[in-house]
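Read through the structure below, which is laid out as C-alpha cells, and then see the notes.
The values are calculated or read from the model by the stated rules, or taken from the named source; none is laboratory data. Since we're looking at a predicted model, the values are computed, not measured. As a convention, Cβ positions derive from the backbone with ideal geometry for all residues, glycine included, and neighbour counts pool all protein chains shown.
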Amino acid sequence: MERLISRSFGTRFLGASTGLVLAVMLVGCRQQTPLVPAPIENGSAANGADPAAANMLQVPTQSTGAPVQRVASQGTQVAGQSYTQVPTQNGESYPQDQGMPQDPSQQAGYDPQQDGDDTAYENGVDAYAQYVDNSVPPATQPPPPLPVYEQPDAPGPNYLWTPGYWSYANTGYFWVPGAWVAAPYEGALWTPGWWGNYGNQYRFHHGYWAPHVGFYGGINYGFGYVGIGYFGGYWNRDRFQYNQAVNHISPRMVQNNVYVRNVSINNSYRNDTRTSFYGAGGVRRPIAIQERLAARQSFTPPMRSQIEFRQQAQQNRGQAFSQNHGQPAASFARQGLAADRGIQRPTSPNPAVLQQQARELQQRQQQQRQFANNQQNQQRQQIQTRQGQQQQLQQRQQLANQQNVQRQQQNVQRQQQQVQQQAQRQQQQVQQQRQQATQNLQREQQTQQRNQQMQQRQQQQTQMRQQQQVQQNAQREQQNAQRAQQQNLQRQQQNAQRQQQQNVQRQQQNVQRQQQQVQRQQQVQQQQMQRQQQQVQHQQQARPIGPEPHGGPGGGGEHHR
C-alpha cells in the first residue's frame, strides 16, 4: 500500500496492521453524485491560502470583524503556537519516543505574547472537564505510545478520518482502531479524544463533532491531526475535499473531491513522537486562543456507531495492551461507520460575542503574564536580598576564616614544638630500646646455647633409649619366634598323634567290618549248605524203595552215593 504522507509533514503513525472486522454499516451522510472535478481549482497552489486553516475557529479582528486568514508561500506553515515535550513517560513498561522539541522560550525570536494559556488545568480545575468521558474509568498509569499503522482508503465521499486511540477499562488499556466515519451533518469536523494527566491520575476526554476543531492534547495522531487543527481536508459547501498529501484517498471513491497540499511544521511546534497523553510526563504546550474559544462552541458527542465500535474493540482480547504489548491485532477498521440521523448543525457563533470572548481570554492571558512577571520580579528581589545576605555572610565568614587561620598558625607552631619534644623523647627511647635490644640478644644467645646443649643431651639420651629398645625388641622377637616354633612343633606332634589314633581306629573299624562281612558270608554259606542238604534229603525221601537197577544211565557199574 502506497503511503501518501509528505516528508515535511513528519507523521509516521500509520504502519502495519490488519483491519478490525466489525459489524458497522456503510452508510454515508449524503447520496453519491456523478464524478465532478474538485470545486477549488487552486486548492493545491503553493502560493495560496490553505483552506484547511479554516477548520480552526478564526478570531475576528477588532477593526473589520473579519476572521484572520493564514497565508503561506510554500505549503501550509503551522505556526504561532510553541510548546515543549517531556522526553520520558513513566508508568507501564513502554517508553515513549525520544528526541523531543526544544523549549521555545530558549529559541531566538521567541515572543511570549503569541503563546496561549500555559496549561489545560487552571487553579487545580480541569478546564476541559465537560469532555471527560465518565464511562471510561480513571487510570493510574499513562496510556501506551501510539502504534504505527496504515490508513485504509476512504470508503466514500464526506467520510472523515477519526484516528485510533487507547481506551481504558478495569482490565487495562485496549486499542480502539482508527476508522472512517460518515459526517453527521455538512461542515462537521472531528476533534479527537485525548488523555490528560491530572491529580495523579489519567482521565480520558472524549472526542466530539463540531464546525471547528478544538484542543486534543497537542497529540500528533497523524493523517492531518498534527497536534493542532486538522489539515487532512476541508468542507466546500456540501462536499468534503480530501488532502491526498496526508490521507489515503482513491479519487474514484470520493467523487474526485481531492487536492494535494503539503503541510510543514515549524521547529518550535514540531512533534514527531508517539506520546499519547497530555500533561506531566507527556505533551506540554500552551493552548491557543482558537482552541480555547472552540471549547465554548456547541458540540455533538461521539455517535452511537462510534460508541458501539469502541465496545466491540473492548471485547476483542487482541486489542488489549496486556495481550498485544503495543501492537494491536487490528489498528484500523476496514469498513466505514455510519452517522446517526437527525443531528443538526449548530449555529455559528456571533462574531461580536466571539471577539468579546477573545478579548476576555487575551485579558486573562495578560493578567496571567502580569502575575507571572510580578512573581518573577518578587523572586528576583528575593534573590537579590538573598545575595546581599549571602555577601554579608561571606564577609563574616572571611573574618572568621582569617581568625581561624591565625589560630591555626598558632596551633601549628605549638604542634611543631610538641613535635620537636616528641622527636627528642623518641630518640632517647630509641637509644634505650637499642640497649635493651642488645641485652636481649645476648640473653637470647645464651638461652639458645643452653637450649642446644639440652637438646644434644636429650638427643643422646633418646638415642640410647632407642638402641636399648631396639635390642629389647630384638630379644623379644627372638623369644617370640622360639615360642612360636615350639608351639608349632607341639601342635604338629599333637596333630600327628591324633591322625595316628584316628587312622588306627579307622583300621580297627575296617577290620571289624571285614570280620563281620566274613561272618556274614560264612553264615550265608552255612545257610546255603543247609538248604542243599535239605534239598538232598527231600530228594532221597522222594525216591521209591526197591532194588536199584544195575548200571547207571551212563552204563554199567554200581552207583555209589
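The set of residues in the stretch 141-197 being closer than 25 Å to Arg237 by Cβ and among the polar types (S, T, N, Q) consists of Asn158, Thr162, Thr191. Of all residues in the stretch 207-261, those being part of a strand (DSSP E or B) and at positive phi number 2. Among the candidates Tyr216, Tyr221, Tyr165, Tyr242, the residue that is without any contact (Cβ under 8 Å) to a residue 40 or more places away in the chain, within 27 Å of Gln290 (Cβ to Cβ) and buried (at least 22 other Cβ atoms within 10 Å of the Cβ) is uniquely Tyr216. The criterion of at least 3 residues that are more than 18 Å from Arg252 (Cα to Cα) and under 32 Å from the mean Cα position of the chain (by Cα) is met, among strands (runs of 3 or more DSSP E) falling completely within the stretch 144-191, by 165-169, 172-176.
Residues that are out of contact with any Pro (no Cβ under 7 Å at 6 or more places or on another chain) and either free of Cβ contacts under 8 Å to residues at least 24 places away in the same chain or more than 28 Å from Ala129 (Cβ to Cβ) (or both) within the stretch 269-307 comprise Asp272, Ile307, listed in sequence order. Would a scan of the stretch 248-259 turn up a residue that is surrounded by fewer than 24 Cβ atoms within 10 Å (Cβ to Cβ), in contact with a Leu (Cβ under 6 Å, 6 or more places away or on another chain), closer than 25 Å to Arg345 by Cα and of a type in the set (A, V, I, L, M)? No, because not a single residue in the stretch 248-259 is surrounded by fewer than 24 Cβ atoms within 10 Å (Cβ to Cβ), in contact with a Leu (Cβ under 6 Å, 6 or more places away or on another chain), closer than 25 Å to Arg345 by Cα and of a type in the set (A, V, I, L, M). Whether a residue is part of a helix (DSSP H, G or I) and in contact with a Gly (Cβ under 7 Å, 6 or more places away or on another chain) was assessed, and Arg310 does not pass this test. Return the pairs, sorted by first residue and then second, in which the second residue is of a type in the set (Gly, Ala, Ser) and crowded, with 16+ Cβ neighbours inside 10 Å, the first residue lies in the stretch 123-143 and is outside any loop (DSSP other than H, G, I, E, B) and at pLDDT below 85, the beta carbons are less than 8 Å apart, and the residues are 6+ apart or on different chains. Correct list of pairs: Asp126/Ala120; Asp126/Gly196; Gln130/Ala295. Please work out which residue is surrounded by the fewest Cβ atoms within 10 Å (Cβ to Cβ), limiting yourself to the stretch 189-200 and to residues that are out of contact with any His (no Cβ under 7 Å at 6 or more places or on another chain) and closer than 17 Å to Phe231 by Cβ. Selected residue: Pro192. Could you grab me the full set of residues in the stretch 304-317 that are in contact with a helix residue (DSSP H, G or I) (Cβ under 6 Å, 6 or more places away or on another chain) and either of a type in the set (Asp, Glu) or surrounded by fewer than 18 Cβ atoms within 10 Å (Cβ to Cβ) (or both)? Result: Arg317, single match.
Residues of the stretch 255-264 that are modelled with pLDDT under 90 and in contact with an Asp or Glu (Cβ under 9 Å, 6 or more places away or on another chain): Val263 alone. Residues that are crowded, with 24+ Cβ neighbours inside 10 Å, under 17 Å from Tyr149 (Cβ atoms) and touching a strand residue (DSSP E or B) at 6+ places or on another chain (Cβ under 9 Å) occur in the stretch 227-236; there is at least one. Of the set (1) assigned to a loop (DSSP other than H, G, I, E, B); (2) over 42 Å from the mean Cα position of the chain (by Cα); (3) surrounded by 20 or more Cβ atoms within 10 Å (Cβ to Cβ), all apply to Ser348 but (3).
Just one of (1) at pLDDT below 95; (2) aromatic (Phe, Trp, Tyr); (3) under 23 Å from Gln357 (Cα atoms) fails for Phe223. It is (3).
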